Amino acid sequence: MFDQLWADFTQEMTPRIWELVSLSTLETLYMGFIATLFAIVVGLPIGLLAFLTGKGEILEHRRANQVLNVIINIGRSVPFIILLIILLPFTRLVVGTTLGTTAAIVPLSVSAIPFFARLTANALLEIPSGLTEAAKSMGATNWQIVTKYYLPESIPILINGITLTLVALIGYSAMAGAVGGGGLGNLAITYGEHRNMVYVKWIATIIIVLIVMLSQKLGDHLAERFDHR
């Protein structure tokens, strides 16, 4: 029985298929890391403002805080597969096509930005409430409070947020494969499902699980390293 399974495996997993697996793995990593980078660059300031404009904070502004929270909550509420379809015209406008890994980064980034913004705001809420008063008593400006106190204190939690965002995007990238987004999801659908190549589906699934596990492990290690509490 084992010999037959091995024979079927080697027959299906040809050198050409292994090349496609390697390429698809790189595409998945490319989509996940680039979309995470966009989420950090855009989502961090949004989450920071959502926190700073909250009640009792240094930039308290009720209306601005409400608007930011509504934007974040709506962005987080839209299922990714629906967002993927809704953004097809925008994706085509930005990158000139709706197919491929670069095109998939657009909806991935849009979905990740409010997600990471909320994680950022929640991370800052973990900072001790007396920190602002202590910083002000030492003559710190609002900018200094943010850059010298808030952000450094929240680094471990932010790293966990970045890790969580990356893990979520790896999963979303597999869904993007359903509409030609490339990566391991597209490989599993195109070859594993449409061509009934069972081992390709299993290999793609195992690699995605390994990427998630390694990302989580690395994120946890970095968070512990920067946690000086």
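The values are calculated or read from the model by the stated rules, or taken from the named source; none is laboratory data. Just so it is clear, the structure is predicted and the values come from calculations on it, not from any experiment. Heads up, the Cβs are rebuilt from the backbone with ideal geometry, glycines too, and the neighbour counts pull from every protein chain shown. Keep in mind that these areas ignore ligands, DNA and RNA; they rest on the heavy atoms of the full protein, side chains included. Shrake-Rupley method; radii C 1.70, N 1.55, O 1.52, S 1.80 Å.
In the complete set of protein chains, residue-level accessible area for ILE206 is approximately 90 Å², probe 1.4 angstrom. Between segment 8-37 and segment 195-229, the C-alpha centres lie 14 angstrom from each other. With N as its number of residues, segment 8-68 has a Cα radius of gyration that, divided by 2.2 N^0.38 Å, comes to 2.12.
In the assembled protein chains, ARG76 presents an accessible area of approximately 120 Å² (probe radius 1.4 Å). Charge tally around MET13: other residues with Cβ under 14 Å, Lys/Arg +1 each, Asp/Glu -1 each, net 0. Its DSSP H runs of at least 4 residues, each contributing -39,500 (n - 2.57), put the calculated 222 nm mean residue ellipticity of the chain at -25000 deg cm²/dmol, to the nearest 500. Can you check what the net charge comes to around VAL110, using other residues whose Cβ is under 15 Å from the Cβ of VAL110 (Lys, Arg +1; Asp, Glu -1)? So the environment of VAL110 carries a net charge of +3. Convex hull volume per residue, computed on the Cα atoms of segment 68-145, equals 123 Å³. Expressed as a fraction of 2.2 N^0.38 Å, the value expected for a compact globular protein of N residues, the C-alpha radius of gyration of segment 119-222 is 1.62.
Using only the Cα atoms of the chain, what semi-axes does the equivalent ellipsoid have when each is the square root of 5 times a gyration tensor eigenvalue? Give whole Å, largest first. Semi-axes, largest first: 41, 21, 12 Å. Shown for the chain: the carbon plus sulfur share of the solvent-accessible area, taken with all protein chains present and a 1.4 angstrom probe, equals 67%.
If you place +1 on the Cβ of every Lys and Arg, -1 on the Cβ of every Asp and Glu, and leave all else neutral, what size is the dipole of the chain about its Cα centre, to the nearest 20 Debye? Walk me through the numbers on the way to the answer.
Numbers: 14 positive and 14 negative charges, 140 e Å.
About 680 debye.
With all protein chains kept in place, the per residue accessible area of segment 58-194 amounts to 49 square angstrom at a probe of 1.4 angstrom. Ordered by solvent-accessible area of protein heavy atoms (1.4 Å probe), largest first, the residues LEU29, LEU164 come out as LEU164, LEU29.
With +1 assigned to the C-beta of every Lys and Arg and -1 to the C-beta of every Asp and Glu, and no other charges, what is the dipole magnitude of segment 1-119 about the Cα centre in debye, to the nearest 20? Write down the numbers at each step before the final one.
Details: 7 positive and 7 negative charges, 168 e Å.
About 800 debye.
Placing R0 at 35 angstrom, the Cβ-Cβ distance between ILE74 and VAL94 gives a FRET efficiency of 0.95 after rounding to 0.05.
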